[in-house]
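See below for the structure under consideration.
Where a number appears in this text, it was derived from the coordinates with a stated rule and is not lab data. Just so we're clear, the structure is a prediction, and the values are computed from it rather than from any experiment. Heads up, the Cβs are rebuilt from the backbone with ideal geometry, glycines too, and the neighbour counts pull from every protein chain shown.
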Amino acid sequence: MHTAHTPASNWQKELQSSARDLRGLIEHLQRLHDVTESDIMSTPWAKRIAAAVKNESQLQSRFRFAVTDSYLLRARLDHDRCAILGQVLPDPTELDDPVFELDDPLAEDSHMPVPGLTHRYPDRVLWYLSHNCAVYCRFCMRKRKVSKAGTAPAGDQIAQALAYIREHSELHEVILSGGDPLSLSDATLDEILGALKGIDHIMSVRIHSRMPVTLPARITEELIEVLRRHSPLTLVTHFNHAQELGEDSLEAIRRLRSAGILLLNQSVLLKGINDTQEDLRELFLSLIKNGVKPYYLHQCDEVRGVSQFRVPIERGIELMKDLRGRIPGIALPLYVVDLPGGGGKVPADSSYLRRADAEGYVYENYEGHAYVLAPTYESSHQWTLPLKGADR
Ligand code: SF4
């Protein structure tokens, strides 16, 4: 199957015409890959598409579906581990509710001094500027609000957040997140970045955006000018698989680099997407080759409706161990677990792990408090980590 059509060139146009339901997905795949519906329904994806269609209204009511043409163009329908379809196609298992999964496992909303701002670590805040994204990833850790119109802060809430940041001189870093902060207009971003750069105690402004992956056309010359104006800035993007690094994404990366932006990448370890040594190796090497430093590999959080993606922590540790020495150290990200209840991030394989047994994983955070993660069961599951005696 070859690609026959390219996406609309203007990013707003592309966003407006993206597939918003499963009928749309099938039609866009037909157009972009020059195939018929029956071609699609004879690929390894047929069963999964049919299951998603059957449960579509329930799945959409939990978490919206949307995918851009530039992202879908990289799909490989003939491949049962297609990293593009695997990340965007809804799955009926999202409707399961294991007891340990929560809407907000990291307690981001209960650490909000003002709407839209999480202040969890002493020296930094996470600011949710928009709950819109170009593509809705089925493993999203913020399913509780991402994609839901009207949940993002606006107007006076932006002023309130800025006032909080100004008043708290212990803050040294602001992370602009969401959703995707680059779904805001250039003018709004310009204003927010200008305000942050005017605060003396803020040493670092970081933008977390998946647009270079999911809507590379968003990285326009005009946006680059805005970012350049407020340099130095760090942009942490989110590639999970080398399949996502299309020529348009590489061009977006080149543009960002030309503006002097420090480019980092965070990935999530995802079952069926990137949970092999080959997948991770190719991803990390491709990123470093193109000037993006792999920063974090995240253990998939205990968010409601994402268990189909969760890889046992032991497996993640093994994968990272196997990669060490096989790829340059600079291409290796830190494999981290974000502790439930707001404990913060800790390296997955380290002295932070107190105990791993059939009851779960017990990690200690930077303050010495213990946090428990549920075990991730697999039929061939082996508990191979050394047990360290410590009580919960
Ligand atoms: S781009 Fe990020 S915030 Fe948006 S759906 Fe994907 S993972 Fe969630």
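Suppose R0 equals 25 Å. What FRET efficiency, 1/(1 + (r/R0)^6) with r the Cβ-Cβ distance, do Gln277 and Ile330 give to the nearest 0.05?
On the way: r = 18 Å, r/R0 = 0.73.
Here the calculated transfer efficiency is 0.85.
How much length is gained if the chain between Glu222 and Lys13 is pulled fully straight, taking 0.36 nm per residue apart and subtracting their Cα-Cα distance, in nm to one decimal?
Working: separation 209, 0.36 × 209 = 75.24 nm, distance 1.63 nm.
Gain on stretching Glu222 to Lys13: 73.6 nm.
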Can you find, among Ser17, Asn265, Gly86, the residue farthest towards the positive end of the dipole of the chain? Put +1 on the C-beta of Lys and Arg, -1 on that of Asp and Glu. Asn265
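Expressed as a rounded percentage, what relative contact order does the chain have, with Cα pairs under 8 Å and six or more residues apart? Spell out each step's value before the answer.
On the way: 738 pairs, mean separation 51.8, N = 392.
Taking the mean separation of contacting Cα pairs over the length of the chain, I get 13 percent.
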Can you compute the equivalent ellipsoid semi-axes for the stretch 116-274, i.e. the square root of 5 times each eigenvalue of the Cα gyration tensor, sorted largest first and rounded to whole Å? 25, 19, 15
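If you filter the stretch 316-375 for chymotrypsin sites (Phe, Trp or Tyr not before Pro), then keep DSSP loop positions with at most 16 other Cβ within 10 Å, what is left? Display every interim value, and only then the final one.
On the way: sites: Tyr335, Tyr352, Tyr361, Tyr363, Tyr366, Tyr371; in loops: Tyr352, Tyr366.
Taking the stretch 316-375 and a limit of 16 other Cβ atoms within 10 Å, the loop chymotrypsin sites (Phe, Trp or Tyr not before Pro) found are Tyr366.
Please go through the residue pairs Lys148/Lys197; Lys197/Lys345; Lys143/Lys197; Lys143/Lys293; Lys145/Lys345; Lys143/Lys321 and name each one whose alpha carbons sit more than 23 Å apart in this structure.
Details: Lys148/Lys197 30 Å; Lys197/Lys345 26 Å; Lys143/Lys197 30 Å; Lys143/Lys293 27 Å; Lys145/Lys345 21 Å; Lys143/Lys321 31 Å.
Check vs 23 Å cut-off fails for Lys148/Lys197; Lys197/Lys345; Lys143/Lys197; Lys143/Lys293; Lys143/Lys321.
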What percentages make up the Cα-Cα pair-distance distribution of the chain when the bins are 10 Å wide from 0? 5, 22, 33, 28, 11, 1, 0
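With each run of n ≥ 4 DSSP H residues scored as -39500 (n - 2.57), what mean residue ellipticity at 222 nm is computed for the chain after dividing by its residue count and rounding to the nearest 500 deg cm²/dmol? Don't skip to the answer; put the middle values down first.
On the way: 14 runs with 121 residues, N = 392.
Using -39500 (n - 2.57) per qualifying helix, the result is -8500 deg cm²/dmol.
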For the stretch 109-373, give me the percentage of DSSP beta bridges that are antiparallel, rounded to the nearest 5 percent. 35 percent
Of the chymotrypsin sites (Phe, Trp or Tyr not before Pro) in the stretch 239-299, those whose Cβ has at most 10 other Cβ within 10 Å and which sit in DSSP loop: none
Could you calculate the FRET efficiency of Glu56 with Glu251 from 1/(1 + (r/R0)^6), where r is the beta carbon distance between them and R0 is 30 Å, rounded to 0.05? 0.30
Can you give me the relative contact order of the stretch 1-114 as a percent, contacts being Cα pairs under 8 Å and 6 or more apart? 28 percent
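With a cap of 15 neighbouring Cβ atoms within 10 Å, and only residues DSSP puts in a loop, list the trypsin sites (Lys or Arg not before Pro) found in the stretch 217-250.
On the way: sites: Arg218, Arg228, Arg229; in loops: none.
Nothing satisfies the criteria.
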What whole number of Å gives the distance from the Cα centroid of the stretch 69-104 to the Cα centroid of the stretch 278-345? 18 Å
Once label points are set 7 Å from the Cα along Cα→Cβ at both Thr93 and Thr234, what is their separation, rounded to one decimal in nm? 3.3 nm
Note down the nm distance, to one decimal, between modelled labels 7 Å out along Cα→Cβ at Gln30 and at Ala46. 1.7 nm
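Take peptides 45-57, 72-84 and line them up by average Cβ neighbours within 10 Å, highest first, as a rough protection proxy.
Order by mean packing, descending: 72-84, 45-57.
Please state the shape class of the stretch 187-284: rounded when a/c is under 1.5, otherwise prolate if a/b exceeds b/c and oblate if not, all from the C-alpha gyration tensor. Numbers along the way, then the final one.
Details: a/c = 2.75, a/b = 1.85, b/c = 1.49.
Prolate shape, in that a/c is at least 1.5 and a/b is the bigger ratio.
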